[in-house]
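Notes to accompany the following structure.
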Amino acid sequence: MVTVEFAASLRRHVECAPQNVAAGSLRVVLEAALAAAPELRHYVLDDQNNIRKHVAVFVNKTMVLDRQNLTQALASGDRVLVIQALTGG
């Protein structure tokens, strides 16, 4: 199983506990996790099902740079963290 966690900045909009979903591509894993909280979908994915620019996704502490393909294969034991990418100064 792959663990998917949504950061507090996203959970303030829609409560969603960490999800344990079947391994597969990053897209499949995100889709499965978002099924538990469909209201979060529009915060995370745009209308082309790409990761939104204001969202950062990490797989095992490494940021995902390709926001469109999401074909990276994930294995059991992997961890995905979805956060709101914030900037400021």
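Considering only residues that are among the polar types (S, T, N, Q), open to solvent by 60 Å² or more (accessible area, probe 1.4 Å) and over 15 Å from ASN69 (Cα atoms), which ones fall in region 1-50? Spell out how you get there, then give the answer.
Step one: list which residues in region 1-50 are among the polar types (S, T, N, Q), which gives 3, 9, 19-20, 25, 48-50.
Still in the list and also open to solvent by 60 Å² or more (accessible area, probe 1.4 Å): 20, 48.
Within region 1-50, just ASN20 meets the criteria.
Which of the residues spanning region 70-89 are open to solvent by 70 Å² or more (accessible area, probe 1.4 Å) and at pLDDT below 95? Passing the criteria: LEU86, THR87, GLY88, GLY89. Residues that are assigned to a helix (DSSP H, G or I), without any contact (Cβ under 8 Å) to a residue 24 or more places away in the chain, among the aliphatic types (A, V, I, L, M) and touching a helix residue (DSSP H, G or I) at 6+ places or on another chain (Cβ under 7 Å) within region 12-70 comprise just one, LEU34. Return the residues of region 51-64 that are buried (at least 17 other Cβ atoms within 10 Å of the Cβ) and not β-branched (Val, Ile, Thr); say none if nothing qualifies. Selection gives ALA56 alone. Within region 46-89, being charged (D, E, K, R) and farther than 23 Å from ARG11 by Cα holds for one residue alone: ASP66.
Looking only at residues of region 71-89 that are closer than 19 Å to VAL2 by Cβ and not in a loop (DSSP other than H, G, I, E, B), we find that the one that is nearest to the chain's Cα centre (by Cα) is VAL82.
The values are calculated or read from the model by the stated rules, or taken from the named source; none is laboratory data. From a predicted model like this one, the values you see are computed outputs, not experimental measurements. Using ideal geometry, Cβ is built from the backbone for each residue, glycine included, and neighbour counts are taken over all protein chains shown. Keep in mind that these areas ignore ligands, DNA and RNA; they rest on the heavy atoms of the full protein, side chains included. Shrake-Rupley method; radii C 1.70, N 1.55, O 1.52, S 1.80 Å.
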